[in-house]
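Quick notes on the structure that follows.
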Amino acid sequence: FALQPGEISQPVQSEFGWHLVRVMERQDDRPLTPAQYQLATDEAIETWIAEQRAEASISTDAEIEPTPTPAQFAPPAGVPTPEVPTPEATPVVPGQATPIVSSGQGTPGVDAIAPPAIVPSGTPAGVPVATPAG
């Protein structure tokens, strides 16, 4: 910025290599671009904050206590407890594919029936079979 129109700078190194800058003309009253304005504003704010911190003298005599952790939530007395539905076992027939109903934790809008599981032969009829969720 110290160069006048027509002057050439000393070599300048950047991340792209070495450069020579020649000033073609100057416009002293040219407005800043939005990016230049934001950069200048950010630098001014950072400078001001650094000055304020350097001048600040903050002290306290208060004892600092840790924030207490919240206790386990307990509903007020007399509030009815919600009923939790109990899943019903589906009778199982050995050697046949049985659909497994998901726990409702799947993707919304997707069918609640999982792919069929094959019940091992020798399993008594009516015995629920545990299968891995998939």
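The values are calculated or read from the model by the stated rules, or taken from the named source; none is laboratory data. Just so it is clear, the model here is predicted, and its values are computed rather than measured. Here Cβ is always computed from backbone atoms with ideal geometry, including for glycine, and neighbour counts include all displayed protein chains. Heads up: the accessible areas ignore ligands, DNA and RNA and are worked out on the full protein's heavy atoms, side chains in. Shrake-Rupley method; radii C 1.70, N 1.55, O 1.52, S 1.80 Å.
A compact table of results
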{"read-out": "Per-pair calculated FRET efficiency, R0 = 22 Å: SER9 and TRP48 via Cβ, rounded to 0.05", "value": "0.10"}
{"read-out": "For LEU32, solvent-accessible area (1.4 Å; no DNA, RNA or ligand), Å²", "value": "110 Å²"}
{"read-out": "Accessible solvent surface per residue of the range 1-64, calculated while the other protein chains remain in place, 1.4 angstrom probe, Å²", "value": "102 Å²"}
{"read-out": "Kirkwood Rh, angstrom, the range 1-82 [1 / mean 1/r, Cα pairs]", "value": "20.6 Å"}
